[in-house]
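The values are calculated or read from the model by the stated rules, or taken from the named source; none is laboratory data. Computed from a predicted model, the values in this text were never measured in an experiment. All Cβ positions, glycine included, derive from the backbone under ideal geometry; neighbour counts span all protein chains shown. SASA here: full protein model, heavy atoms, side chains in, ligands and nucleic acids out. Shrake-Rupley method; radii C 1.70, N 1.55, O 1.52, S 1.80 Å.
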Amino acid sequence: MDSPVPQQPTEPRPRRRDRHGRGMRGPVAPPQVPLSASRSDSFRDLVRDSVERLERRWPQLAEIDFLVLDVPNAEGETVPLGRSVPEGKDRPARIVVYRRPVEIRTKNREERAMLVHEVVVEQVAELLGLSPESVDPRYGQD
């Protein structure tokens, strides 16, 4: 008996497997594991932790925007780690922490957390017109 050959659909079907038949690969690590967080996400967490630590003592920091940018604009010979911008007419005060310069100057997460906190304290002190030691009494201590 002749069995008719079914016609091939004109539009391609979505692929459920790769060409080796193993299927699509999943994520390398589950979302709960620190490996799954990107470097920029973990850096933002360090900045957030530092700000929360300071907000307990200085509640007016809630009105300041804290930003993380990758690199600063090329303005001079030295590369800044952070910058503070006073409030303007239509915008609140801002403190910017630059991720790549901080990462380059540190070797591990603990050093990075200490340097991020120092940068945040220095920029808050500059914005408030105070000394860094008055913003955080532990400033400069290991």
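Miscellaneous remarks
- Val135 open to solvent by less than 20 Å² (accessible area, probe 1.4 Å), touching a Gly at 6+ places or on another chain (Cβ under 7 Å) and not basic (Lys, Arg): no
- Annotation note: Cβ proximity below 6 Å between a residue of the range 72-83 that is under 16 Å from Val102 (Cα atoms) and assigned to a loop (DSSP other than H, G, I, E, B) and a residue that is open to solvent by less than 100 Å² (accessible area, probe 1.4 Å) and charged (D, E, K, R) (sequence gap 6+ or interchain) occurs for no pair.
- Checked against (1) at pLDDT 90 or above; (2) open to solvent by less than 80 Å² (accessible area, probe 1.4 Å), Arg91 passes all but a single condition, namely (2).
- Inside the range 30-70, residues that are open to solvent by 90 Å² or more (accessible area, probe 1.4 Å), more than 25 Å from Asp136 (Cα to Cα) and touching a residue at least 24 places away in the same chain (Cβ under 8 Å) make up a count of 1.
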